[in-house]
Amino acid sequence: MQTDIDLKRFSNQFTSYTELRLQENRSEGIGFLNGDMISNSKSAAGGISARVFDKGAWGFSCGAELSDDSISRTIQMATKNAAFLSSRSGRDGAVLPPATGHGDSDFTRTGPALSQEEKIAFLKKLDNYIVRNCPEVKSRSLNMSCLDMEKQLFTSDGAGGHNITTRSIIMIRLTTENDQGQPVELFSGIGERGQFEDVFSDSSEVEATIDKLYNKLLDKKNAARPEAGHHDVILDSDLAGILAHEAIGHTTEGDIVKAGSVAGDYLGQQVASELVTMVDFANTWHGETLPVPVYLDDEGVQSEDVTIIENGILKGFMHNKETATHFNTSVTGNARAYQYHDEPLVRMRNTAILPGTSKLDDMIASIDNGYYLMNWTNGQADSTSEFMFGVQMGYEIKDGKLGRAVSDTTISGIAFELLKDVSMLSDEMVWNCSGMCGKKQPLPVGMGGPAVKTKVFIGGQ
Amino acid sequence: MGVRETSAQVLDRMRASGYDKAYCNVADQELHELQSEDGDIKLMRTAFETDVSMTGIIEHKRGSIGINTTDRGSVDDALESLRQMTNAAQPDEANDIAEHTPAAQFTSGPSEPDYDAMYDRIMELQEHVATNYPTVNLRSTSITFGKTSTSRVNSNGVDLLEEQGAYSVSVQFSAKDGEATSSMNYTGYSTHVLDVPIAQKNDVDQLIAQSVEQMHTKNIPGKFTGDLIVSPHCLSTFTGFLMGKISDSAMIDGTSIYRGQLKELVADPSLTIRCCPLSDNLTAGYHTYGTGFVAQDTTVVENGLLQTFMLSQFGANKLGMARAVNGGGCTIIEPGDSSLEDMIKNVAEGIFINRFSGGRPNDQGEFSGIAKNSYYIKDGEIQFPIRETTISGNLAASLKNITAISRERLNSGASNVPWVQIRGITAS
């Protein structure tokens, strides 16, 4: 797709606040199941979209064709749609806060591209590694997925930029059989920001992940069921990330707060242990570029970090222009759209609970009877902050020591109550890049955190 | 140029490129949408989209590519990329495309949106809620009219054209009064005509009314094993496990507990599940799918007996079994002989579940998760809306532990299913 169109040329057609966005999403997938190739695909979907704000109503239009005439028609249709809505209902002439952000970024590979043969060979090599080194595996799958999102934006405020974000992930699933002949499964993803060539330049890191996964699978093979009920637990760092995103993060998105989330009642209050600080980072933490770096959002706002919880106090929410106006506060640069044909919504970027000072071993040693839980499968939360996460496995903790493995379960509770029970945070920060948030539109998100000691309800018989 | 001409041109170029087998699908889609947020119609969207999908097979090696433009340069680039992908692929004799079928055209639904009706139906719902449920916030309501023309052609002579039009309606809501907040709930349906108020479709009014009650939830008295009455809104959690495990991935990798269970009892004899994309009662149906197949209705489970696996052509070839005669979805479950009211009366202790937030079940079907927007039942009566209640059990066993199926069903346009009573679920 042509991505070097000068969008400013169309500004004379803007009659009210307008965003003009040129975007293409490019994806690749290669999959192997038990050594057989089951997918080998690519796709590219791009086009132009215009969003126009008129007296409190939005008009949106889009099209894949990129001729001058087509772009003009897209602007005219969006303008017409906004005018239709603003004429049909009494509008108060709401005005959005101006934003003149600028930002360019490009996370495409720096070296030459690998051929399809080379990518397939890389996956095949990993598959052979599993066959050679994981003798008890009865079934295996490897699925590579790569996504590049290229966006060029220009708004009637004069904001604009050209950003290319990329990420590459390989999902590994291993299955063995327990003593009763029943399948026992464990899966994990490895990957990060960047294109395949940069992320998977060396197979040794993926092979190390396979080794760890296999060892855990052997532990899980004859795992016990966890005892249902409230327990002292250590949530591994990957669970802290999804806790930050799913259970707390969503309740503090401006549109969800506006719609009645419980977090709206708690601003300025103690909602967590004083150990807990939680931030939605725009793009960088401690000098490190994060999994989903956002420099300029899709409303032309320069992205800023949002401190959601600081030392246990609920400090702020994430906003787009409309919710910032509603709450009479500043925009934060959280408006993001997935495809060219999607409108920007309030979305998280890289949401994390910040690490503490404890050592993981000390945290485990501090529990007489509980669980160390890891490897989440999925998660859901509610505006009440009630959450549920699927957990693939864990270990019993007895008298401060890890015991038997425990099998798949779910953990649940009220997130703001769980945070008040946080008594230790490990000193390591682990970022997860494989998150795909599903709030109306799918969208890549980053999540991070340390291991967390707290209390949680564990499901089961 | 229409979708048929475009797909034919692309297929000709694929043939000329030397593919043993080639498939092309071109779809033009028009979307017209009104979105309401927090009780205010906020966005009107018009979108024109085109999808071009190409699959090529050479010497049993397969590649697929999708683009959304039809200009010659873009198609040439895509074909070049597809050639590289296909050459690099691993051969598998299971790779194939749909066999020849007579050319056919199918048309369903309206071809133009009725913007006035779209606008009026949303406004009507907002007024209904503001009048009757002042504590309810209609967080998001949308009506989308979609019109799609899809041409499927392949090198076996398949030439299918399908034109579909339908409205999709979705409603998301919660209630809040002071600091009392209900759990969020949502529902949606598909329809060819906006002739009925949204509140009167797919249980919308009942679910909104329940949100008001659900601002004040209670914990269940204690852990128990009892009955679950599963509403149509979350029945797919239970039937979905079976449908997933009789499909490609679990069947091919051998982890499906239903392998070898054809014609065996996999559910209580009262349960009959059909996949009916051709049903006149389902507006979200379809006539064509995959690499150029014409869909047929099928019975998946009849009187508890598994009648078919839901394998794709690849999966069927891989396993030497029959492929499914449609692409899945469009679930119809036959009604039972109990009234929903009687089902509730027959529960000594249990949960009436409207929404399930659960973890991924393991391969045996063991599951646990939270019963959302749900109620505690004791001595045949619904007692109160519940909070922080986990239910657990085994999904495969649950289908065998069905004790009643309601006469009443809910038709969302995408499915038509009843309320189902299951024994032996643990709540804690």
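The values are calculated or read from the model by the stated rules, or taken from the named source; none is laboratory data. The model shown is predicted, which means the values in this text are computed figures rather than measured ones. Using ideal geometry, Cβ is built from the backbone for each residue, glycine included, and neighbour counts are taken over all protein chains shown.
A compact table of results
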read-out	value
Unique residue being within 11 Å of another protein chain (Cβ to nearest Cβ), out of contact with any Ser or Thr (no Cβ under 8 Å at 6 or more places or on another chain) and closer than 30 Å to residue A:408 by Cα when the list is A:119, A:124	A:124
The range A:248-259: number of residues that are more than 11 Å from chain B (Cβ to nearest Cβ) and either without any contact (Cβ under 8 Å) to a residue 40 or more places away in the chain or under 13 Å from the mean Cα position of the chain (by Cα) (or both)	1
Only listed residue being closer than 26 Å to residue A:337 by Cα and assigned to a helix (DSSP H, G or I), chosen from A:86, A:168	A:86
All positions within the range B:226-250 that are within 14 Å of chain A (Cβ to nearest Cβ) and touching a helix residue (DSSP H, G or I) at 6+ places or on another chain (Cβ under 6 Å)	B:241, B:248
Only listed residue being surrounded by fewer than 22 Cβ atoms within 10 Å (Cβ to Cβ), farther than 21 Å from residue B:374 by Cα and of a type outside the set (Gly, Ala, Ser), chosen from B:177, B:195	B:195
Residues satisfying the stated conditions in the range A:340-380, i.e. of a type outside the set (A, V, I, L, M, F, W, C) and either free of Cβ contacts under 8 Å to residues at least 24 places away in the same chain or within 14 Å of another protein chain (Cβ to nearest Cβ) (or both)	A:340, A:341, A:342, A:343, A:344, A:361, A:375, A:377, A:378, A:379, A:380
Leading residue by the ranking (nearest to the other protein chains (Cβ to nearest Cβ)) among those in the range A:260-271 that are within 20 Å of residue A:379 (Cβ to Cβ) and assigned to a loop (DSSP other than H, G, I, E, B)	A:262
Looking only at the range B:266-323, and only at residues there that are touching a Gly at 6+ places or on another chain (Cβ under 7 Å) and not in a loop (DSSP other than H, G, I, E, B), the one that is farthest from residue B:337 (Cα to Cα)	B:313
Condition check for residue A:61: buried (at least 20 other Cβ atoms within 10 Å of the Cβ) and within 8 Å of another protein chain (Cβ to nearest Cβ)	yes
Unmet criterion (only one of (1) surrounded by fewer than 19 Cβ atoms within 10 Å (Cβ to Cβ); (2) of a type outside the set (Gly, Ala, Ser); (3) more than 7 Å from chain B (Cβ to nearest Cβ)) for residue A:34	(3)
Among residues of the range A:394-417, those that are more than 9 Å from chain B (Cβ to nearest Cβ) and either at pLDDT 95 or above or surrounded by fewer than 24 Cβ atoms within 10 Å (Cβ to Cβ) (or both), counted	15
Subset tally (residues that are at the interface with another protein chain (Cβ under 8 Å from one of its Cβ atoms), assigned to a loop (DSSP other than H, G, I, E, B) and over 30 Å from residue A:145 (Cβ atoms)) for the range A:64-83	0
Given (1) facing another protein chain (nearest Cβ under 8 Å); (2) assigned to a strand (DSSP E or B), index of the condition residue B:84 fails	(2)
Residue in the range B:128-136 that is assigned to a strand (DSSP E or B), of a type outside the set (S, T, N, Q) and within 23 Å of the chain's Cα centre (by Cα) present	no
Residue count, the range B:324-366 (criterion: within 26 Å of residue B:190 (Cα to Cα) and either touching a helix residue (DSSP H, G or I) at 6+ places or on another chain (Cβ under 6 Å) or part of a strand (DSSP E or B) (or both))	9
